[in-house]
Amino acid sequence: MSANVNTSLPLEYQTHQSRMNILGFWIFLGAEIVLFATLFAVYAVLYQNYAGGPTHQDIIMIKEVMIQTLLLLTSSFTCGLAIYEMRRNNVKGLISWLVITLLLGAGFLFMEINEFIHYIHEGATMQTSAFLSSFFVLLGTHGAHVTLGIGWAIIVIIQLIKRGLTPVTARKIFIIGLYWHFLDVVWIFIFTFVYLKGMVG
Amino acid sequence: MLKYIKLFVALFAVIPVLLLTGCETNMVVFEPQGPVARSIMELINWSLMWMLLVVVVVFAMFGFIVWKYRERKENMNYEPPEEHGNTLFEIIWTAIPILIVIALIIPTVKTLYALEEVPEGYENEEPLTVHVTAADWKWIFSYPEQGIETVNYVNIPEDRPVNFKLTSAGTMQSFWVPALAGQKYAMAKMETQLILVAENPGSYVGKNSNFNGRGYTGMEFEVLAQTQQDFNQWIADVKNTAPVLTEEKYEEMLKPTHLGRLTFKNTHLAWVNHADEDAQTYTNPELYRYNGYQGKTFEEEDNYMNENSETESGDHHHEENHDDHGNHGGDDHGQH
Amino acid sequence: MGNIKWDEFFITGDPLILGAQVSIALTMLGVLFGLTYLKKWKWIWREWITTVDHKRIGIMYIIAAILMFFRGGIDGLLMKAQTSRPEMGLLSSQHYNEIFTTHGVIMILFMAMPFLIGLMNVVIPLQIGARDVAFPQLNALSFWLFFSGAMLFNISFVIGGSPDAGWTSYFPLAGKEFSPSIANNYYAIALQIAGIGTLMTGINFIVTILKMRTKGMTLMRMPMFTWTALVTSGIIVAAFPIFTVALALMKFDRLFGTHFFTVSSGGSDMLWANLFWLWGHPEVYIVALPAFGIFSEVIATFSRKQLFGYKSMVYATVGIALLSMVVWVHHFYTMGSGPGVNSFFSLTTMLIAVPTGIKIFNWLFTMRKGRIKLSSAMLWALAFIPTFTIGGVTGVMLAMGAADFQYHNTLFLVAHFHYVLIPGVVFAVFAGLYYWWPKMFGHMLNERLGKWHFWLFNIGFNVTFMPMFFLGLNGAVRRSYTYSAESGFAPLFLLSAIGSVILAAGFAVFCYNIYWSIRYADRNISSDPWDARTLEWATASPVQHYNFAKLPEVKSFDAFWQMKKNNEGLTLKDSEIEEIHMPSNSGQPFMMCVIFGVVGFFLVFEWFIPAAIASVGIIVGLIYRSFDYNDGYHIPVEEISKTESTWRNEKGEVHKHVG
């Protein structure tokens, strides 16, 4: 199955197996969209069920969330630069931009964890009300995805350092790129529908 | 081979006959005792007719084709023709089902809307409102206008629409009186509504059809339709003789048990209506501990906790349940 | 973990469960002893546990599904025995609740679905002329995750307690407020693990079918079973994530005290019902569509005719898949969503009858002008048409929102869905098994026993479920563990119980048939014993592990039929043989199965620290996989040449049909 190599395509698309992996990952992202859509639907059903607990306006730290958004959006951009460097066959540039991407992602994660800790100190926990249950699980699922993405990217960077840029490592990097952009898109929806809408009431 | 086919045809020929005879036996759905159940039965009969037609056509074609084209000694040399399809046929068997769907959806929609209203011919009657509270595993009926409450039976006047307002103190139930109307769910912190009319005095079985735990079987009640006169008399009797329902007694009643019939001369609506979104939650997981490995439960601010519960044994006790004892619920906790 | 309550850990006090515990222990000891005694440990590890061969994975799915069929069937028989007489004392209410819950879950998720996925695994790569699926190792992982979930679910009734809130697991009943024992954790966690496996199967098959078709196999030349597998995989990808979320929220509610579906603090029990059926209804079509595909193959083959109206069959399949996403509310018209909503969903639900009707008539017209051979496989396909019609028309009746107020939650509904699922799925997997058995094992299943199996099962099925329609219309509700003598239900319940015994006898004959055929059936059969039409029959039986020495080229629909007719592409010249690249076996999927099972078990018992420690294993497994650059191996030309000569004649032709 490693036959059927087409060297006129970008590195990550050259083998048949790689093309299948990338298609498979797109389909997986489709499943992820359904997953997050379901979580958004759950949130949409429950977001006003405060059950006497805190409301959006009581807890949301909009300034911190703005910084988080900025970090994640920038990381999506640097991730794009990394893929650009990969296409130019510049391994050093690729790794540098990937590391920057991950640092930005880690910054986002750090701020999100701090945000959660702050909410919990305010008495707004997952157990307080249906609103907060859906809030924490939606955001937490996204955060868990980011965490997973960082861990996964580190593993692939190690492989990249060990093996250089091959059709296989290129494909792995490319797929992580897709994943990272996807998380960014999800965050835009979270930012709009959870934070901005929550602030407006 | 032949005997298989005969058996085959015989077996499936029996089925429509069974279906046909089924309509004439005394099944409760086909013996409605009021206009609501009758309108549903008429819809069912209308659909049955069409469905029987479908069954007859498909079975006949099936029997004919299998019989005619089965492999026999004589036709072993027969090689079937190449045949990709037939657009005309395919259009026909797409169009006919669509027509049948149209024939069925129109009365369905009409009936769906009609079921939400007082049935035709009874618009001038003032409906009797009865609040139904389903609890594990009993039915509580409150008559707000008359100010009385019954458990596991409900008396209604004949020929007068009754508007049942359904809610639940805990699990989800389905309120069903097959002789008088269809069913509807009773859910906590929600109100659903079911309207019915009994045309004749008589006793009808009502039951829960939605599984809700160990005591689900036998969660039945009696609907007794009476003449207006008898009904008024019954109300007056209850007012004179029945005991008063206290909050304490009510909380006792909500525990997961089977109860017999009870009657009170006041209603629990005075202190809680479970249909309210912010009503007191009368749940107590400790009362549901039964078999298997016991997991941890969670204390809620508005939970109903009872330190005297009988089923609560020492080894089933978890730390988090010690926190908030003595919180018996009631209106002083209803501020959420 | 220091405070494990052993008296609660093992379920005690019920002689039936004690018997099950003893027999499980004895069977496990027997298997271990047998493997050791016959020195088969290495064999089972190399040939089966670590295999990434789609055919073997398929066979393992089917074996697991038959075992689960047995378990679910015993549950069913116990239910029938308990309700055979009024006020029967065989089972307590609690025990009955557990049994109908496990019956439902096992039959749908651990029997029907793996059985069909098993057949898909065996057949689909062959039908499209491929050497394996797109991601062979992922395929093995899918199987092992399903297996892990199935085993975890199955131990519940002896360890910790069986789920008892119904297969729909409606809240708030299934929440901690009303079910404080850990039993329902099994539901959430076991189904989650199996569900991940299913999702990956869906992705795998979409890519396989889109990307691995052999030369000339355009989409509109694909066999019908492949089409239905593709559409089903699409539904899996669209619907399973919803269930994943629903189960995750259930876990949060039960393990961490959140309020998604609770009565207290603003939870919504209706939300669960919606999420469950948003997945649950498509799930019905996930199992029904491949079954329709199997019938299409079997009917065409045994009528010796091309499938009638192939294009409309494809469109109907896609149509059913799309409609299946917009009908979920018909499972709870009685929730009071209002007449507008109920009308909409009545219409969409009824519309499903249109593409389904198209299919029924196309099957009938495939047989028309054919030469219908009544083999065991074909008998199942034939019996499907009338019985499924009954399931279908009662489905239309249930679809009518207003009428449903009288059928909902009654035995009428139970009869309906058994009339849909048993003909629509069980008949199909039997048809498929009789049909493809020679392809899998190189010998046939006994036709005479097959007919006994068919008639007993069929008569038993109708006698069991037909009375339930009438019981339902007479007011008998589902899931009720007993009824009074005055209710008048007794005669029909007894009839139904008798039917279930006949049904079970049919299943017993099926098991005996497998045993008999493995021991005594003739091994000297053609590679194409049915004179069939699709590519899986163009290669040896049983299929060599590389499937095709030379990938076939397809020029029309019913490719193999045309190849036989025009006598082209059937021979293999030695000069055409090239090295074949194949993926290597891997133990990683099985290790993941074990680790997921352990993590799941700890989570079920709410032992979070051990669960966290064990889940490190999952991460290690993933990292191991990421660093695994094993690129498989190549089969040398000589070996292929040798293997091919064992089943082809001297000229390199395939054996022709042998009557």
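The values are calculated or read from the model by the stated rules, or taken from the named source; none is laboratory data. Quantities reported herein were computed from a predicted structural model and do not represent experimental measurements. We place every Cβ from the backbone using ideal geometry, glycine too, and count neighbours over all the protein chains shown.
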Considering each of A:Val91, A:Val42 in turn, give the residue that is within 14 Å of chain C (Cβ to nearest Cβ) and over 17 Å from the mean Cα position of the chain (by Cα). A:Val42
Give the residue that is nearest to C:Glu177 (Cα to Cα), with candidates limited to residues of region B:84-133 that are within 12 Å of chain C (Cβ to nearest Cβ), crowded, with 16+ Cβ neighbours inside 10 Å and in contact (Cβ under 8 Å) with a residue 60 or more places away in the chain. B:Leu115
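Could you identify the single residue in C:Leu421, C:Leu347 that is surrounded by fewer than 24 Cβ atoms within 10 Å (Cβ to Cβ), farther than 30 Å from C:Asp531 by Cβ, modelled with pLDDT of 95 or more and more than 7 Å from chain B (Cβ to nearest Cβ)? Write out each step before concluding.
Working: C:Leu347 fails: more than 7 Å from chain B (Cβ to nearest Cβ).
One residue alone meets the criteria, C:Leu421.
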Selection status of B:Met61, closer than 24 Å to C:Lys305 by Cβ, within 8 Å of another protein chain (Cβ to nearest Cβ) and in contact with a helix residue (DSSP H, G or I) (Cβ under 6 Å, 6 or more places away or on another chain): yes
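Residues in region C:489-505: is at least one in a loop (DSSP other than H, G, I, E, B), more than 30 Å from C:Gln306 (Cα to Cα) and at pLDDT below 95? Spell out the reasoning first.
The initial filter retains those residues of region C:489-505 that are in a loop (DSSP other than H, G, I, E, B), namely C:489.
From what's left, more than 30 Å from C:Gln306 (Cα to Cα): C:489.
When the remaining residues are screened for being at pLDDT below 95, the result is C:489.
Within region C:489-505, one or more residues are in a loop (DSSP other than H, G, I, E, B), more than 30 Å from C:Gln306 (Cα to Cα) and at pLDDT below 95.
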Are there any pairs, at least 6 apart or on different chains, whose C-beta atoms fall under 8 Å, with the first in region C:190-201 and more than 13 Å from C:Asn154 (Cα to Cα) and the second in a helix (DSSP H, G or I) and basic (Lys, Arg), and if so, which? C:Gln192/C:Lys251
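Between A:Ile22, A:Ile27, which is out of contact with any Cys (no Cβ under 8 Å at 6 or more places or on another chain), modelled with pLDDT of 90 or more, closer than 21 Å to C:Asp132 by Cβ and at the interface with chain C (Cβ under 7 Å from one of its Cβ atoms)? Steps first, please.
Working: A:Ile22 fails: at the interface with chain C (Cβ under 7 Å from one of its Cβ atoms).
Sole residue among the options that is out of contact with any Cys (no Cβ under 8 Å at 6 or more places or on another chain), modelled with pLDDT of 90 or more, closer than 21 Å to C:Asp132 by Cβ and at the interface with chain C (Cβ under 7 Å from one of its Cβ atoms): A:Ile27.
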Can you go through C:Gly370, C:Gly357 and tell me which one is over 27 Å from the mean Cα position of the chain (by Cα) and facing another protein chain (nearest Cβ under 8 Å)? C:Gly370
Test for B:Lys184: is it within 7 Å of chain C (Cβ to nearest Cβ), at pLDDT 95 or above and outside any loop (DSSP other than H, G, I, E, B): yes
Restricted to region C:544-583 and to residues being among the β-branched types (Val, Ile, Thr) and out of contact with any strand residue (DSSP E or B) (no Cβ under 7 Å at 6 or more places or on another chain), the residue surrounded by the fewest Cβ atoms within 10 Å (Cβ to Cβ) is C:Thr571
Per-region count, region C:213-230, residues within 14 Å of chain A (Cβ to nearest Cβ) and either buried (at least 24 other Cβ atoms within 10 Å of the Cβ) or acidic (Asp, Glu) (or both): 1
Scanning region C:284-315 residue by residue, those facing chain B (nearest Cβ under 9 Å), within 25 Å of C:Tyr419 (Cβ to Cβ) and surrounded by fewer than 24 Cβ atoms within 10 Å (Cβ to Cβ) turn out to be C:Ser312
Which of the residues spanning region B:262-286 are within 13 Å of chain C (Cβ to nearest Cβ) and aromatic (Phe, Trp, Tyr)? B:Tyr282
In region C:463-494, which residue that is among the polar types (S, T, N, Q) and in contact with a helix residue (DSSP H, G or I) (Cβ under 8 Å, 6 or more places away or on another chain) is farthest from B:Val177 (Cα to Cα)? C:Thr464
In this structure, is A:Glu32 acidic (Asp, Glu) and more than 10 Å from chain C (Cβ to nearest Cβ)? no
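In this structure, is A:Ile120 part of a helix (DSSP H, G or I), within 28 Å of C:Thr262 (Cβ to Cβ) and of a type in the set (Val, Ile, Thr)? Steps first, answer last, please.
Working: part of a helix (DSSP H, G or I): yes; within 28 Å of C:Thr262 (Cβ to Cβ): yes; of a type in the set (Val, Ile, Thr): yes.
Yes: the conditions hold for A:Ile120.
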Of the conditions (1) touching a Ser or Thr at 6+ places or on another chain (Cβ under 7 Å); (2) surrounded by fewer than 22 Cβ atoms within 10 Å (Cβ to Cβ); (3) closer than 21 Å to C:Lys176 by Cβ, the single one that C:Gly266 does not satisfy is (2)
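Between C:Leu210, C:Leu191, C:Leu145, which is modelled with pLDDT of 95 or more, farther than 26 Å from B:Ser174 by Cβ and surrounded by 24 or more Cβ atoms within 10 Å (Cβ to Cβ)? Quick ask: steps written out before the conclusion?
Working: C:Leu210 fails: surrounded by 24 or more Cβ atoms within 10 Å (Cβ to Cβ); C:Leu191 fails: farther than 26 Å from B:Ser174 by Cβ.
Of the residues listed, the single one that is modelled with pLDDT of 95 or more, farther than 26 Å from B:Ser174 by Cβ and surrounded by 24 or more Cβ atoms within 10 Å (Cβ to Cβ) is C:Leu145.
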Count of region C:599-624 residues which are in a helix (DSSP H, G or I), surrounded by fewer than 16 Cβ atoms within 10 Å (Cβ to Cβ) and more than 9 Å from every other protein chain (Cβ to nearest Cβ): 9
Failed criterion for B:Lys73 (all others in (1) at pLDDT below 95; (2) farther than 30 Å from C:Arg371 by Cβ; (3) of a type outside the set (Gly, Ala, Ser) hold): (2)
Looking at B:Ile195, B:Ile156 in this structure, which one is within 21 Å of B:Gly34 (Cβ to Cβ), assigned to a strand (DSSP E or B) and more than 18 Å from the chain's Cα centre (by Cα)? B:Ile156
Return a yes/no flag: does region C:384-398 have any residue that is in contact with a Gly (Cβ under 8 Å, 6 or more places away or on another chain), closer than 17 Å to C:Ala316 by Cα and at the interface with another protein chain (Cβ under 7 Å from one of its Cβ atoms). no
If you take the residues of region C:195-227 that are among the hydroxyl-bearing types (Ser, Thr, Tyr) and out of contact with any Gly (no Cβ under 6 Å at 6 or more places or on another chain), which of them is farthest from C:Pro552 (Cα to Cα)? C:Thr198
Which one is nearest to A:Ile157 (Cα to Cα), of the residues in region C:610-645 that are in contact (Cβ under 8 Å) with a residue 12 or more places away in the chain and among the β-branched types (Val, Ile, Thr)? C:Ile618
Every residue in region B:209-224 that is surrounded by fewer than 23 Cβ atoms within 10 Å (Cβ to Cβ), within 14 Å of the chain's Cα centre (by Cα) and at the interface with chain C (Cβ under 7 Å from one of its Cβ atoms), please. B:Thr217
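Could you grab me the full set of residues in region C:166-185 that are within 15 Å of C:Val604 (Cβ to Cβ) and within 10 Å of another protein chain (Cβ to nearest Cβ)? Step through it out loud before you land on a result.
Let us first name the residues in region C:166-185 that are within 15 Å of C:Val604 (Cβ to Cβ), namely C:169, C:174, C:176, C:179-185.
Correct list: C:Ala174, C:Lys176, C:Ser179, C:Pro180, C:Ser181, C:Ile182, C:Ala183, C:Asn184, C:Asn185.
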